[in-house]
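We did not get these values from a lab; they are worked out from the coordinates using the rules stated. Model, not experiment: these values are computed from the prediction. So basically every Cβ, Gly included, is an ideal-geometry build from the backbone, and we count neighbours across all protein chains shown.
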Amino acid sequence: MVQIFQKLKAEIVITIPDDKVLIRKVEYEELKQNELSGVYWNMKDLEKRINKKSEWIKENILYPGRFKKLLDSKNGGFVHYPQTKGQTWSFQATKMSKFLDENFNNIFGGN
């Protein structure tokens, strides 16, 4: 029995719209990181990011011991907890964003 194989070489052209850019995934990830680099959020920014009110954020993310130890800047974290009334919250955007992504199930899953 003799097998005959045929090869077909095709060339296609894909037009990318003028308002789009094609880049490597690594470059895209770097751009995303740089977007938040050196950026600090206040509580209002965080509320917008996760679509929750400050009371919920405090009860479910900022004050539970399992998270506070990691988050508090006094422990080397990336969240400034106000020490007196009138002080504002401050969050390092890149690190807070990463924390929220990595802990999504722990935060929103109710565990």
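Residues 84, 94 in ascending order of nearby Cβ atoms (within 10 Å, fewest first): 84, 94.
Short-range pairs are left out: with C-alpha atoms under 8 Å and at least six residues apart, the relative contact order of the chain is 23 percent.
Please get the size of the charge dipole for the chain, origin at its Cα centre, with Cβ charges of +1 on Lys and Arg and -1 on Asp and Glu, quoted in debye to the nearest 20.
For this selection, approximately 400 debye.
Here the simple spin-label model places points 7 Å from the Cα toward Cβ, and for residue 2 and residue 98 these points are separated by 6.3 nm.
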